[in-house]
Each structure stands twice: as C-alpha cells, then as structure tokens.
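Below: the structure, in structure tokens.
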Amino acid sequence: MAVTIIVILAISYEIHQKYLKKLTERKIIIYTYESLLKWGTDPNATLQAVYGGFEEKYGCEVEIREFDDARTALLALIQEKDAPKADVVIGIDNVLVHEAIEQGVLEPFTPSNIDEIPEWLVNSLDPKHHVIPYDYGLIALVYDSERISEGEMAGMTFERLLEPEFASKLVL
C-alpha cells in the first residue's frame with residue numbers, strides 16, 4: 001500500500017510540474033509559408049534578427065511552423081479550428097483571407113500602431129481587422145518571351161504596361 005501511495009504521489013507531482021511549466025511557458029507559434037524571410041547567406045540569422053529582439057523584449061519563445069504555401073497553412077488552421085495551435089499566421093493573402101474569415105479561423109485584432117498603415121489598405125483587405133497588411137506590392141509579372149523581348153521588359157514602366165499593345169501579352 002505504501003508503494004502505491006508513493007507511486008501515486010510521484011505521478012501527481014510529475015503532472016503538477018508539467019502543469020506549472022505550461023502555465024509559465026511563454027511561446028508564440030507562428031504559421032507561415034516556407035519562403036518567408038528566407039534570404040541572404042544565412043536565413044536563420046535573418047529569422048533571429050527579426051524575432052530575437054521580440055523574444056528578448058517579451059520574455060518568450062517564437063516558434064515558426066513553415067508550410068509549402070499560404071493555402072497549406074490555411075488548411076492547417078481549418079483542420080485545427082476546434083483546438084488551435086497557432087497564435088499568429090503570416091501570409092494569408094487578399095484571396096485566402098475571405099475563406100479564412102468564412103471558416104472562422106481568424107480572430108480580429110487591432111494593433112496599437114494601426115494608424116501607421118494607410119487606412120485604404122487596411123480597409124481594402126479587411127476593415128474588421130481579421131488580417132493586418134504588413135507587406136504589399138507587385139508579386140509577379142508573367143509574360144510570353146516570344147511576344148515581348150527581354151529588352152522590352154528591361155525598359156518596362158508602369159505607364160507602358162497600360163498601353164493597349166501589352167494587354168494581350170501580359171498577365172498580372
């Protein structure tokens with residue numbers, strides 16, 4: 001009987017210690033696409049430069065979970081909807097945001113410095129702040145190299161893109 005009590009006490013102590021660790025563990029889990037911040041000769045140094053100061057300032061650990069693309073990250077959010085693991089998702093674009101909101105996997109959040117982001121940009125993406133733009137711009141310009149030469153592309157301007165001669169030659 002004494003051995004049983006000692007075993008129960010040991011197990012109870014271990015469970016209690018794990019519970020206390022979980023209460024004090026400060027970890028932020030970020031879901032994103034695998035190419036986020038992966039540049040330079042040492043991509044890990046880039047990630048450390050971006051997240052290291054945050055970890056230090058707030059006394060937490062940042063864990064990045066990478067997915068092949070934003071769509072795959074969104075599918076993980078949907079699968080985990082009833083028991084979410086991610087605290088933040090980076091890379092949900094203007095197309096996927098509608099599905100993410102519809103699926104109920106995003107919570108509205110208004111950062112204290114939202115006034116630093118142009119209001120038109122915030123409102124065009126999501127005026128209720130389920131997502132906050134952090135980066136935007138031209139992503140890709142696809143053209144038929146048999147119809148437009150490399151020389152023409154090298155001297156391309158936004159004004160020239162509007163010319164009718166390029167309307168059937170470009171996909172933006």
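The table for this structure:
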| read-out | value |
| --- | --- |
| Count - residues of segment 55-98 that are under 13 Å from residue 29 (Cα atoms) and over 14 Å from the mean Cα position of the chain (by Cα) | 4 |
| Selection count, segment 109-140, where residues are farther than 25 Å from residue 75 by Cα and either outside any loop (DSSP other than H, G, I, E, B) or hydroxyl-bearing (Ser, Thr, Tyr) (or both) | 7 |
| Count - residues of segment 141-160 that are in a loop (DSSP other than H, G, I, E, B) and among the small types (Gly, Ala, Ser) | 3 |
| Odd one out for residue 131, checked against (1) over 32 Å from the mean Cα position of the chain (by Cα); (2) under 30 Å from residue 26 (Cα atoms) | (1) |
| Residue 89 part of a helix (DSSP H, G or I), in the same structural domain as residue 31 (by TED's automatic domain parsing) and either polar (S, T, N, Q) or in contact (Cβ under 8 Å) with a residue 12 or more places away in the chain (or both) | no |
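Residue-wise test of (1) part of a helix (DSSP H, G or I); (2) under 25 Å from residue 128 (Cβ atoms); (3) at pLDDT 80 or above.
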{"site": "5", "(1), (2), (3)": "yes, no, no"}
{"site": "71", "(1), (2), (3)": "yes, yes, yes"}
{"site": "82", "(1), (2), (3)": "no, yes, yes"}
{"site": "107", "(1), (2), (3)": "no, yes, yes"}
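This table checks each residue for (1) at pLDDT 60 or above; (2) part of a loop (DSSP other than H, G, I, E, B); (3) under 17 Å from residue 135 (Cβ atoms).
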residue: 9; (1), (2), (3): no, no, no
residue: 18; (1), (2), (3): no, no, no
residue: 23; (1), (2), (3): no, no, no
residue: 35; (1), (2), (3): yes, yes, yes
residue: 38; (1), (2), (3): yes, yes, yes
residue: 41; (1), (2), (3): yes, yes, no
residue: 57; (1), (2), (3): yes, no, no
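The values are calculated or read from the model by the stated rules, or taken from the named source; none is laboratory data. For clarity, every value in this text was computed on a predicted model and none was experimentally measured. Because the Cβ atoms are built from the backbone with ideal geometry, glycine has one as well, and the counts that use them run over all protein chains shown.
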